[in-house]
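Below: the structure, in structure tokens.
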Amino acid sequence: MSEIKYLAEFRTRESACMMRVNGFSLVDNFGTSSGTMTTGLNVTAFLENGKNSIELLMGAMDPNDEKTLHADSSCILVITQDTKDTSIQVTSIQLTVDKDRKIDASTSPNYRGGTSETAIDEQQLPSDDELKMHRAARNVILDHIPAWQWVSAKPVTDGYIPEIKAAYTNIWNAMSSRNVDALKKLSEISNKEMGLAEGISSDTIFESYDLPQNILDKTLSPIPLIWDNYVLKSYCGGRVFRFIKGINQNSPLRLRNEEKRIVYSYNPYFSIIDGKVVIVR
């Protein structure tokens, strides 16, 4: 178990919000009708020693209706470094609505930067415009993080696509044959490291994804593995990657019920470790 954890508090009010850590989309409130929620999560397993990217995105509750963005709409992210006895804030980003009804991050602590964090960057990316969300980001220097295997992974190139597709096919076959033990083995690195970050067993991590119970449900089956329109999305300088499709970043590994409705999605992240494509998160 890691003695130090990095915890994120995510608070939203009457808005659509999402947070990303090193490019990983870790939490959003898109499933809430009110646009208001408070939650927390452990982000340690997605961090590395040194520089880390923290992003917060906010938009109107209905992206096609600006009237669903209100004067008091907000989105707040706070990250703390926690031990058994202490909790120290290491960075925060706050998005609010200004007098011109524009979203900005000017109320964020240390907006212009601090000792271990850069100034807030509000440059908008094409993908953010597609989501109709305003992005605020900063880099923060962190330490005392375990040496996760993805950190030293070889950056992916298009030359690995056949091997990546083969890795997906192995998972798909295990899902199709309802082989829970095979799926646990394929995700062994992720289960172990996530368990270390959370202070719980690797078995508990594996079960927490609801993958075993969904796989064993005989009314569900994986959708056909067809690669049309999927693109390879990489993170952390190419050290982590996965296939996604569309604005919702759908996974090729989805289960549908007898009415052909998608009811579960398994969307693992991969790295190249010792020359092999393996699940790391």
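The values are calculated or read from the model by the stated rules, or taken from the named source; none is laboratory data. Note that the structure is predicted; figures quoted are calculated from it, not measured. Glycine also receives a Cβ, built like all others from the backbone with ideal geometry; neighbour counts cover every protein chain displayed.
At a glance:
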| read-out | value |
| --- | --- |
| Sole exception among (1) in the same structural domain as Ser53 (by TED's automatic domain parsing); (2) exposed (fewer than 14 other Cβ atoms within 10 Å of the Cβ); (3) out of contact with any His (no Cβ under 8 Å at 6 or more places or on another chain) for Gln124, by number | (3) |
| Hey, Asn229 in contact with a strand residue (DSSP E or B) (Cβ under 8 Å, 6 or more places away or on another chain) and at pLDDT below 95 or not | yes |
| Residue check for Asp72: in contact with a helix residue (DSSP H, G or I) (Cβ under 9 Å, 6 or more places away or on another chain), under 19 Å from Lys132 (Cα atoms) and exposed (fewer than 14 other Cβ atoms within 10 Å of the Cβ) | no |
| Pairs with Cβ under 9 Å, 6+ apart, first in the range 163-190 and acidic (Asp, Glu), second outside any helix (DSSP H, G or I) | Glu163/Ile272; Glu163/Lys276; Glu163/Val277; Glu188/Val278; Glu188/Ile279 |
| Exclusive hit being surrounded by fewer than 16 Cβ atoms within 10 Å (Cβ to Cβ) and within 27 Å of Lys132 (Cα to Cα), set Ile200, Ile247 | Ile247 |
| Selection status of Leu183, assigned to a strand (DSSP E or B), outside the structural domain of Gln81 (by TED's automatic domain parsing) and at pLDDT 95 or above | no |
| The range 201-210, residues that are of a type outside the set (Asp, Glu) and modelled with pLDDT of 95 or more | Ser201, Ser202, Thr204, Ile205, Phe206 |
| Candidates Ala105, Ala119, filtered to the one that is in contact with a Phe, Trp or Tyr (Cβ under 8 Å, 6 or more places away or on another chain), free of Cβ contacts under 8 Å to residues at least 24 places away in the same chain and assigned by TED's automatic domain parsing to the domain that holds Val21 | Ala119 |
| Pick from the range 147-177, criterion in a loop (DSSP other than H, G, I, E, B), touching a helix residue (DSSP H, G or I) at 6+ places or on another chain (Cβ under 6 Å) and not β-branched (Val, Ile, Thr), ranking: nearest to Pro212 (Cα to Cα) | Trp148 |
| Of all residues in the range 93-108 being assigned to a strand (DSSP E or B) and polar (S, T, N, Q), the one that is farthest from Asp121 (Cα to Cα) | Thr96 |
| Test: residue in the range 83-92 that is modelled with pLDDT of 95 or more and either farther than 30 Å from Lys192 by Cβ or surrounded by 22 or more Cβ atoms within 10 Å (Cβ to Cβ) (or both) | yes |
| Search result, residues across the range 133-169 that are over 26 Å from Met194 (Cβ atoms) and within 19 Å of the chain's Cα centre (by Cα) | Met133, His134, Arg135, Ala136 |
| Unmet criterion (only one of (1) more than 24 Å from Ser265 (Cβ to Cβ); (2) crowded, with 17+ Cβ neighbours inside 10 Å) for Ser152 | (2) |
| Matching residues, the range 2-30, being in a strand (DSSP E or B) and farther than 18 Å from Arg135 by Cα | Lys5, Tyr6, Leu7 |
| Scope the range 127-146; condition surrounded by fewer than 14 Cβ atoms within 10 Å (Cβ to Cβ) and either part of a strand (DSSP E or B) or of a type in the set (Asp, Glu) (or both); matching residues | Asp129, Glu130, Asp143 |
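Quick grid of which residues meet (1) out of contact with any Phe, Trp or Tyr (no Cβ under 8 Å at 6 or more places or on another chain); (2) among the polar types (S, T, N, Q); (3) within 24 Å of Trp227 (Cα to Cα):
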site: His144; (1), (2), (3): yes, no, no
site: Gly159; (1), (2), (3): yes, no, yes
site: Pro162; (1), (2), (3): yes, no, yes
site: Lys165; (1), (2), (3): no, no, yes
site: Asn170; (1), (2), (3): yes, yes, yes
site: Asn179; (1), (2), (3): yes, yes, yes
site: Glu188; (1), (2), (3): yes, no, no
site: Ile200; (1), (2), (3): yes, no, no
